[in-house]
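J.: Before I ask anything, let me first share the structure, which is written out below as structure tokens.
The values are calculated or read from the model by the stated rules, or taken from the named source; none is laboratory data. Just so it is clear, the model here is predicted, and its values are computed rather than measured. Note that each Cβ is placed from the backbone with ideal geometry, even for glycine, and that neighbours are counted across all protein chains shown. Accessible surface areas use protein heavy atoms only, side chains included; no ligands, DNA or RNA. Shrake-Rupley method; radii C 1.70, N 1.55, O 1.52, S 1.80 Å.
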Amino acid sequence: MKLAEKTFENNLSEDLGMEVPVRMEFITGIEAFPIHLPNKSFLIYKRAFDLFVSIFLFLFTLPIIFLVAIFIYIESPGNIIYKQKRVGYQNKEFWIYKLRSMKLDAEKNGARWAIPNDSRVTKVGKFIRATRIDELPQLFNVIKGDMSLIGPRPERRVFIDEFVKNIPEFKYRTIVKPGLTGWAQVNGGYDLSVEKKLEEDLHYIRNYSLKLEMLIVFKTIKVIFTGEGAR
């Protein structure tokens with residue numbers, strides 16, 4: 001995949017406090033396709049939806065978070081909430097929050113992606129990763145504005161730096177806010193290759209619409225009950 005053209009209209013929205021890139025073009029093989037990002041009114045709607053739903057879900061799931069936290073501590077005493085720097089909108093880093101699903105020394109040998117039947121994952125962790133309960137604290141990230149409910153999942157800088165060596169376009173996932181869930185997550189999640197994940201994320205970006213957002217919401221509910229794409 002080769003970047004053919006990049007055109008930005010830096011529209012600084014007073015309401016959203018961020019730059020809004022509105023058009024990019026990529027070439028896949030010999031076929032070019034445009035990416036049209038949403039206008040200001042859609043972004044205002046999206047932010048209002050994020051706030052309303054995330055505040056409601058955060059309050060509604062607090063008892064679940066509290067109960068799971070007890071089981072996490074019983075199995076593996078230590079920090080319940082795990083925080084980690086991720087790369088977000090316009091390539092800016094922020095702290096992401098999760099319920100800890102791995103052992104305390106999970107990264108003693110350095111950062112690496114989770115793999116199937118990962119020995120670092122605790123028994124409680126396996127359950128909360130399959131049901132996505134471990135992601136619930138990220139509702140706080142959505143409320144803060146670091147994330148949206150829907151968008152490409154944020155990655156760690158160390159992984160992005162590695163991926164862009166072979167796939168330079170991977171960094172363009174950050175032209176929109178990262179999400180709690182996204183098109184790639186409901187179409188394979190961890191089971192996807194890096195290339196396929198990028199393809200799914202670019203599909204979301206170039207087809208940004210209310211219809212697609214609602215489709216992702218419904219597919220996310222299905223994933224929660226089936227555990228599809230979890231590790």
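J.: How long is the gain from GLU107 to VAL217 if the chain were fully straight, where each residue apart is worth 0.36 nm and the alpha carbon distance is subtracted?
T.: 36.4 nm
J.: Could you work out what % of the accessible surface of segment 73-183 is carbon and sulfur, using a 1.4 angstrom probe and leaving DNA, RNA and ligands out of the count?
T.: C and S fraction of accessible area: 56 percent.
J.: Could you go through segment 86-99 in sequence order and give the Karplus-derived ³J(HN,Hα) for each residue, using 6.51 cos²θ - 1.76 cosθ + 1.60 with θ = phi - 60°, rounded to whole Hz, and x for Gly and Pro?
T.: Using θ = phi - 60°, the values come out as 10, 8, x, 4, 6, 6, 9, 7, 8, 8, 9, 10, 9, 6 Hz.
J.: Search the structure for amide H atoms under 5 Å from the amide H of GLU155, placed 1.01 Å from N in the peptide plane, and list their residues when 5 or more places away or on another chain.
T.: Sorted by chain and number, the residues that satisfy this are VAL87.
J.: Less than 21 Å apart at the alpha-carbon level, and either on another chain or at least 8 residues along: which lysines does that give for LYS144?
T.: Counting by Cα, and skipping residues close in sequence, LYS144 has these lysines nearby: LYS40, LYS46, LYS83, LYS85, LYS92, LYS98, LYS177.
J.: For the pair LYS92 and THR226, what calculated FRET efficiency results from E = 1/(1 + (r/R0)^6), where r is the Cβ-Cβ distance and R0 = 41 Å, to the nearest 0.05?
T.: Calculated transfer efficiency: 0.75.
J.: Which of the GluC sites (Glu not before Pro) across segment 106-194 are loop residues per DSSP, with 12 or fewer other Cβ within 10 Å?
T.: Here the sparse-neighbourhood loop sites are GLU107.
J.: So with the 1.4 Å probe, I'd like the accessible area per residue for segment 129-180, rounded to whole Å².
T.: Heavy-atom SASA per residue in segment 129-180 reads 34 Å².
J.: Just from the alpha-carbon atoms, what are the Rg and Dmax of segment 73-151 in angstroms?
T.: Cα only, segment 73-151: 13.3, 39 Å (Rg, Dmax).
J.: If r is the Cβ-Cβ distance from GLN84 to ASP191 and R0 is 25 Å, what FRET efficiency results, to the nearest 0.05?
T.: Efficiency at R0 = 25 Å is approximately 0.70.
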